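A.B. asks: The structure under discussion is supplied below as C-alpha cells; questions concerning it will follow.
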Amino acid sequence: MKTQRGGVITGWGIAVPDKILTNDDLSKTLDTNDAWITERTGIKERRIGGTTSGLGIEAGRAALAKAGRRPDEIDAVILATTTPDQIVPGTAATIQDGLGITGGAFDVNAACTGFVYALTVAHGLLAIGAERLLVIGCDTLSNITDWNERSVSILVGDGAGAVVIEAVDGPGQLLSWNIGADGSLRHLLKCDHGGFLYMDGKEIFRKAVRVVVDSASQAVAEAGLTMDQVDLLVPHQANLRIIDAACQRLGLPMEKAVVVIDRYGNTSSASIPLALVDALDTGRLTPGMNVLMTGFGGGMTWASTVLHWGG
Ligand code: ACO
C-alpha cells in the first residue's frame, strides 16, 4: 500500500430494531424448527423492522457521538446497502439530511460485501484529501423477503453498523485491501424489482468458502503478515458453518472469529460492522491488534481488509 494519508476509526455505533424474531416464532408459520436452523446456520434469533435510512441514521448518530464529532465535520456519508429505501435517491442522502451532515452522500451496493467495499472507498477518499467520513453498513432484508417461504426467511435480519474514519498523516490503520467480483455468478443471489430475495444456498455456500479464503489470504499477505499474526477475524455473518470452514482453511482458530449471527442472523451489509462493534464494545478488539475483515455476497462479490487497530 502506497499512501501518504491514511485513516483511523474514531467512532462506532449500531442500531437494530426492537422486535426479536426467534426460530421458534418462525416455526409457528413455516415448516421449520429451532434445531434445524441452529444446526445448519448458527442463527437463534434476528431483529426485524425499521427502514434502512432510519437504522442508518441511528447507527450514524451513535458513531458520531462516540467520535465526538459534529455532523458538519463530516465530508461524506458512504452507505453500504442492498436494500435502499427507494431506487432513487440513494438512501445515503436521506441519512445525510437526517443527521444534518453537510458533506456528500452516496450508496455502495456490493450486497453482503458492501461494508468492506465502502471502507476501501473511504480510504481512497482520505488519500485524496477528505478529512472525516461516516461509513455505514445497513440493510433491511426483511423488506425483500418472502415470509411464506422457508429457504431465505430463516436466514435474514435487519440492522446497521457505522464508523467514523478520520484522516491521519502516514499509513493509518489500513494495512491492506482486496476486492473482487465475478458477475457471471449474479444468478446465485438476486432480487428483481418488486420481487423477493432468491438464492441458491448450496452453491453460494460452496463458492463462499473458496472466495473468502482466497481474498483473506491475499489481504493478509499484502499486509505483510502471516495468518498467525491475525489477532481477530470479523467475517460476514451468513452461516456459522461458512465461518467455521473458512477458519479451518485459513488456519485460524475459531476463537479468533467474532460471531454475532446467533443474535442477528444475516444482516447483509450490516453484518461486519455489527460484529466489529460487538468486538469493540466487549473489549475483544484492543489497540495493537491486527483485525481481518472479510466478506462475500451477491454479485458474486468478495472483499477483505486488514487493519492494525489503534493506528
Ligand atoms: N427448515 C427445515 N428444513 C429445511 C429448511 C428449513 N428452513 N430448509 C431446507 N430444509 C430441508 C431441505 O428440504 C432438505 O431436506 P431433504 O434432505 O429431505 O431434501 C434438508 O433440509 C437440507 O437442505 P439443504 O438446502 O441441503 O440445506 P443446507 O445444509 O444446504 O443449508 C442453507 C441451507 C442454510 C441455506 C445453506 O445452504 C447456506 O447457508 N448457504 C449459504 C447462504 C448464504 O451464505 N447466502 C449468502 C448471503 S444470503 C443473503 O444475503 C440473504
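The values are calculated or read from the model by the stated rules, or taken from the named source; none is laboratory data. These figures come from a predicted structure and were not determined experimentally. Neighbour counts are summed over all protein chains in view; Cβ atoms, including those assigned to glycine, are modelled from backbone coordinates with ideal geometry. Heavy atoms of the whole protein, side chains included, go into the accessibility calculation; ligands, DNA and RNA do not. Shrake-Rupley method; radii C 1.70, N 1.55, O 1.52, S 1.80 Å.
A.B. asks: So Met254 passes all but one of these: (1) free of Cβ contacts under 8 Å to residues at least 24 places away in the same chain; (2) out of contact with any helix residue (DSSP H, G or I) (no Cβ under 7 Å at 6 or more places or on another chain); (3) more than 16 Å from the ligand (Cβ to nearest atom). Which condition number does it fail?
C.D. replies: (2)
A.B. asks: A further question follows. Take the conditions open to solvent by 50 Å² or more (accessible area, probe 1.4 Å) and away from the ligand (no atom under 16 Å from the Cβ) and apply them to Ala221. Does it pass?
C.D. replies: Against the criterion (open to solvent by 50 Å² or more (accessible area, probe 1.4 Å) and away from the ligand (no atom under 16 Å from the Cβ)), Ala221 qualifies.
A.B. asks: Identify, by number, the condition in (1) among the β-branched types (Val, Ile, Thr); (2) within 26 Å of Gly195 (Cα to Cα); (3) surrounded by fewer than 24 Cβ atoms within 10 Å (Cβ to Cβ) that Ile128 doesn't meet.
C.D. replies: Of (1) among the β-branched types (Val, Ile, Thr); (2) within 26 Å of Gly195 (Cα to Cα); (3) surrounded by fewer than 24 Cβ atoms within 10 Å (Cβ to Cβ), only one is false for Ile128: (2).
A.B. asks: Given (1) out of contact with any strand residue (DSSP E or B) (no Cβ under 7 Å at 6 or more places or on another chain); (2) open to solvent by 40 Å² or more (accessible area, probe 1.4 Å); (3) not charged (D, E, K, R), where does Trp177 come up short, assuming only one miss?
C.D. replies: (1)
A.B. asks: Name the pairs whose Cβ atoms lie under 6 Å apart, with the first residue in the stretch 210-223 and in a helix (DSSP H, G or I) and at pLDDT 95 or above, the second surrounded by fewer than 24 Cβ atoms within 10 Å (Cβ to Cβ) and of a type in the set (D, E, K, R), and 6 or more positions between them or separate chains?
C.D. replies: What qualifies is Val213/Arg249.
A.B. asks: Let me ask you something else. Can you tell me which residue in the stretch 220-245 is nearest to Leu175 (Cα to Cα), limited to those that are more than 17 Å from the chain's Cα centre (by Cα) and among the hydrophobic types (A, V, I, L, M, F, W, C)?
C.D. replies: Ala223
A.B. asks: Right, Ala245: buried (at least 24 other Cβ atoms within 10 Å of the Cβ) and assigned to a helix (DSSP H, G or I) or not?
C.D. replies: Considered against the rule, which asks whether it is buried (at least 24 other Cβ atoms within 10 Å of the Cβ) and assigned to a helix (DSSP H, G or I), Ala245 comes out as no.
A.B. asks: Across the stretch 111-145, what is the total count of residues that are among the polar types (S, T, N, Q) and either more than 15 Å from the ligand (Cβ to nearest atom) or under 9 Å from the mean Cα position of the chain (by Cα) (or both)?
C.D. replies: Qualifying residue count for the region: 2.
A.B. asks: Scan (1) buried (at least 21 other Cβ atoms within 10 Å of the Cβ); (2) touching a residue at least 60 places away in the same chain (Cβ under 8 Å) for the single condition Gln96 breaks and write down its number.
C.D. replies: (2)
A.B. asks: Next question. Enumerate the pairs (first residue in the stretch 53-73 and more than 11 Å from Ile95 (Cα to Cα) and open to solvent by less than 60 Å² (accessible area, probe 1.4 Å); second residue anywhere and of a type outside the set (A, V, I, L, M, F, W, C) and part of a helix (DSSP H, G or I)) with beta-carbon separation below 8 Å, excluding pairs fewer than 6 apart on the same chain, so at least 6 apart or on different chains.
C.D. replies: These pairs meet every condition: Leu64/Pro71.
A.B. asks: Same structure, new question: Of all residues in the stretch 90-110 being part of a loop (DSSP other than H, G, I, E, B) and out of contact with any strand residue (DSSP E or B) (no Cβ under 9 Å at 6 or more places or on another chain), which is modelled with the highest pLDDT?
C.D. replies: Gly100
A.B. asks: Name the residues in the stretch 130-151 that are out of contact with any Ser or Thr (no Cβ under 6 Å at 6 or more places or on another chain), over 23 Å from Ala118 (Cα atoms) and not in a loop (DSSP other than H, G, I, E, B), would you?
C.D. replies: Ser151
A.B. asks: In the stretch 40-52, how many residues are surrounded by 23 or more Cβ atoms within 10 Å (Cβ to Cβ) and of a type in the set (Ser, Thr, Tyr)?
C.D. replies: So the count comes out to 1.
A.B. asks: Being surrounded by 17 or more Cβ atoms within 10 Å (Cβ to Cβ), away from the ligand (no atom under 14 Å from the Cβ) and not in a strand (DSSP E or B) is the filter here, so list the residues in the stretch 298-311 that pass it.
C.D. replies: Trp309, Gly311
A.B. asks: Additional query: Among the residues of the stretch 10-43, write down those that are in contact with a Gly (Cβ under 9 Å, 6 or more places away or on another chain) and not in a helix (DSSP H, G or I).
C.D. replies: Thr10, Gly11, Trp12, Gly13, Ile14, Ala15, Val16, Pro17, Asp18, Lys19, Leu21, Ile43
A.B. asks: Would you mention how many residues in the stretch 224-242 are over 22 Å from Trp36 (Cβ atoms), surrounded by fewer than 21 Cβ atoms within 10 Å (Cβ to Cβ) and of a type in the set (A, V, I, L, M, F, W, C)?
C.D. replies: Selection size over the stretch 224-242: 2.
A.B. asks: Taking the stretch 261-297, which residues are assigned to a loop (DSSP other than H, G, I, E, B) and buried (at least 24 other Cβ atoms within 10 Å of the Cβ)?
C.D. replies: Hits for the stretch 261-297 are Gly265, Thr267.
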